[in-house]
Amino acid sequence: MRNMSLDRRAFIGTSGLLVVAVAFPDGAGAAVAAATAPAAAVTVRPQIVISPSGDVKLWSPTSEMGQGTHTAHAAIIADELGLDIARVTIETAEPADAFRRAGPGGAPGSMASGGSMGVRFWAAPLRKAAAQAREMLVAVAATRLGVPATELRAEAGAVLHPASGRRLEFGVLAAEASRLAPPDAPALRPAAERRYVGSTRLKRLDIPAKVDGSAVFSADVRRPGMLFAAARLAPVRGADVARLDRASVSAMPGVLETVAFPGGAAVVATSQWAALRAADALQLEFTATPGDTLDSATMTARMREGLGAESRAVLKDDGFAAVRDAAARVITADYEVPYLNHAPMEPWSCTVERDPDGVWHLWAPTQAQDRARNAAARTLGVPVEQVRVHTTLVGGGFGRRIMDDGVAGAVLASRAMGGRAVKFFWSREGEFLAGYGRPCAMARLTAALDAEGRVVGLHVRTSGPATGRSLQQAQEAADRDTYVDSQALQHLAECRYRVGARRFDYAMRHNHFPVGPWRAVGATQNAFFLEVFIDEVALATGKDPLALRRELLAHDARALRVVDTVAARAGWGRPLPEGHALGLAYYESYGSLCAQVAEVSLGEGGVPRVHRIVAALDCGDVLTPDGVHSQMQGGVLQGLSAAMYEAATLAGGAAQQRNFDSYRLLRINEAPPVVETHIVVSGEPLGGVGEPPLPPTAPAVANALARLRGKPVRSLPLVTA
């Protein structure tokens, strides 16, 4: 097991290094610079480090959650420098301004991975930084060889002079290059010179270690003399420990301490098994909360009331009421989706240790390094500079690891043991119980039609908990009736459908149950609401679902191309086997356009059987085609799992599903035999890939199922028994 401590001095403090920091596209981040002074004198935050051996180290600004972001980063750097990708190694950096996306007004924001931004935000600054390093190396080589820089080229880890056959390795040039001022506008390599970006043969860098077992996830981290702390969590969010009987476990083998933390308690022991056994046996009671009586039926009633109530939380309204009143026909339908659990394969764990200098170290599978660091500092009452975060691989992110809810217990457990290394962990039941899931939601959609059956107005009202309030991004605003949760109406207002007058508003019906970003966040439910409704409008007006969408997108060539591509690839309109039907859905999210067609039949007991899903995605430019196809396939399967089976229900204020035996996921034998993916290259700016393939899956399957059953599908999951 390799030591997970990341000591940057091993790179910065060694002579002969070229260290290049990455500038933000808008200039808000750290300027690109070189550093050769000892670590204490370095003021820039490095991202790309060229060592004397000529190898390259990237301190990535993002977490690797299995989506292949680090492979894309390595491909960009290797291509732009002119280096074999095997010589590029990557680790997630610790929080610093150079690794933060710019916030409002150009100020550094937060270091975090989410919103399908890992490649689309960082591609340009990483490419520029690598190009700057290349030109600095070439400039030194030109001086040494006594030739113009225009006669040189960088490739295979060296600067070559083709006319004479002479070459100088990057490592030989790094020290002198580090003394140069980086060029402001380096020339970028043309696409024809790239070996990795755009290649269909690029292999994921993280896969070999995951196959041979050497990959380090949070559960794998080991520190000298490490102890283990197993957590018991309050069943209802907001409850705290009312009574803790330490004597109930103090005599058990291996038990050293019992520690209370906000929302629970943990038993610290000499082994993981001892900690688990003691945590199960620990006698404790929790305080009562206002949420103790909440159940799913009550939540549904509250959301339904919100659909009919007056709402002042309006995202957009350009005169829908007048258009509705003058319409020849009005169509209205209500929809509902449940809470979803992330159900990550890796339950939460975090290792904490204080070093001799009083610095606290966290080894955590986090998507939000600054959030975790701040939570630790706040809990310990120390400056954030006394906390370092070392990011491991993430065994199931999808938004779950943005939250910091497991950090307080971890640092308190270590502090109780004098700063000794402690691995703090939840059971899987704890993860299901306390994890932030996707909020439940309801929506009422209303379409106004003219005398010819054309859509001339659309109103969408959503009702449910506010993800932004759980994230504490807008607590004050969330207490007012004008608050519009950004996720509750996500990507609806920018929908490309031309539907005349539009109104999008929201009725917040928040509660204590924890909600947060789930893969594609609000787009998951909003795509279902909108795309199932579009099919209902098509049925009511006697139009083919594809024809109606083409009518609503007739003004937009890019969107039409995506829809037409998926229809053609799926054979829309072709004769189908008896008992089969096709369903279509289209949605735009995170800068990308995605359309899907699902072929569905009814199996035993009327359970839907999905035979084939065809997906088309326009994510603008494409850096790693194989990675895009993989993300599309993964998004489709996760979307299908949620559509078919997944639901977290409440009783007594707590989630009822506590493990995979009760939280139903799609099984291997239920996956479609065919998931066919097509990339539509538009040349537009980079869009996201990790999330956009998921939202259209549920409505595509639901629309096919509606054809088979002869009635609309207005709620999820599709299988409830």
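Here are the numbers:
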quantity: Qualifying position, being in contact with a Gly (Cβ under 8 Å, 6 or more places away or on another chain), at pLDDT 95 or above and outside the structural domain of Thr391 (by TED's automatic domain parsing), among Ala156, Ala149, Ala139; calculated: Ala156
quantity: Every pair of residues 6+ apart whose Cβ atoms lie under 7 Å, when the first sits in segment 226-245 and is on the phi > 0 side of the Ramachandran plot and touching a residue at least 60 places away in the same chain (Cβ under 8 Å) while the second is polar (S, T, N, Q) and part of a loop (DSSP other than H, G, I, E, B); calculated: Gly238/Thr289
quantity: Which listed residue, of Tyr506, Tyr497, is in contact with a strand residue (DSSP E or B) (Cβ under 8 Å, 6 or more places away or on another chain), in a loop (DSSP other than H, G, I, E, B) and closer than 22 Å to Val323 by Cβ; calculated: Tyr497
quantity: The lone exception for Ala615 - which of (1) touching a Leu at 6+ places or on another chain (Cβ under 8 Å); (2) within 24 Å of Ala493 (Cα to Cα) it fails; calculated: (1)
quantity: Single residue of segment 50-62 satisfying the filter (surrounded by 24 or more Cβ atoms within 10 Å (Cβ to Cβ) and either among the β-branched types (Val, Ile, Thr) or closer than 11 Å to Gly171 by Cα (or both)) that is farthest from the chain's Cα centre (by Cα); calculated: Ile50
quantity: Count of residues meeting criterion [at pLDDT 95 or above and either touching a His at 6+ places or on another chain (Cβ under 9 Å) or in a strand (DSSP E or B) (or both)] in segment 655-713; calculated: 11
quantity: Segments classed as helices (runs of 4 or more DSSP H), wholly inside segment 362-462, with at least 3 members that are modelled with pLDDT under 95; calculated: 428-434
quantity: Selection count where residues are outside any loop (DSSP other than H, G, I, E, B), of a type in the set (Val, Ile, Thr) and under 24 Å from the mean Cα position of the chain (by Cα), scope segment 163-212; calculated: 2
quantity: Any hit, segment 522-530, residues being in the same structural domain as Gly688 (by TED's automatic domain parsing), modelled with pLDDT of 95 or more and either surrounded by fewer than 19 Cβ atoms within 10 Å (Cβ to Cβ) or in a loop (DSSP other than H, G, I, E, B) (or both); calculated: yes
quantity: Cβ-Cβ under 6 Å pairs, at least 6 apart or on other chains, segment 450-467 side in the same structural domain as Ala309 (by TED's automatic domain parsing) and over 11 Å from Arg509 (Cα atoms), far side at pLDDT 95 or above and in a helix (DSSP H, G or I); calculated: Gly453/Thr541; Val456/Val323; Gly457/Phe320; Gly457/Val323; Gly457/Arg324; His459/Phe320; Arg461/Leu307
quantity: Strands (runs of 3 or more DSSP E) completely within segment 246-352 that count 2 or more residues being over 26 Å from Val456 (Cα atoms); calculated: 255-261, 264-269, 283-286
quantity: Out of Arg302, Arg329, sole residue that is within 31 Å of the chain's Cα centre (by Cα), more than 30 Å from Val389 (Cβ to Cβ) and assigned by TED's automatic domain parsing to the domain that holds Met508; calculated: Arg302
quantity: Unique match (being in contact with an Asp or Glu (Cβ under 6 Å, 6 or more places away or on another chain), surrounded by 22 or more Cβ atoms within 10 Å (Cβ to Cβ) and closer than 30 Å to Ala124 by Cβ) among Leu593, Leu617; calculated: Leu593
quantity: Lone qualifier among Arg237, Arg243 - being within 27 Å of Gly435 (Cβ to Cβ), surrounded by fewer than 18 Cβ atoms within 10 Å (Cβ to Cβ), assigned by TED's automatic domain parsing to the domain that holds Val407 and of a type outside the set (S, T, N, Q); calculated: Arg243
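Yes/no per residue for (1) over 27 Å from Ser218 (Cα atoms); (2) assigned by TED's automatic domain parsing to the domain that holds Val622; (3) under 20 Å from the mean Cα position of the chain (by Cα):
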| position | (1), (2), (3) |
| --- | --- |
| Glu64 | no, no, yes |
| Arg87 | no, no, no |
| Gly118 | no, no, yes |
| Lys128 | yes, no, no |
| Arg144 | yes, no, no |
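The values are calculated or read from the model by the stated rules, or taken from the named source; none is laboratory data. What you see is a predicted model, and the numbers here were worked out from it, not measured in a lab. In this analysis, Cβ positions are derived from the backbone assuming ideal geometry, glycine residues included, and neighbour counts consider all displayed protein chains.
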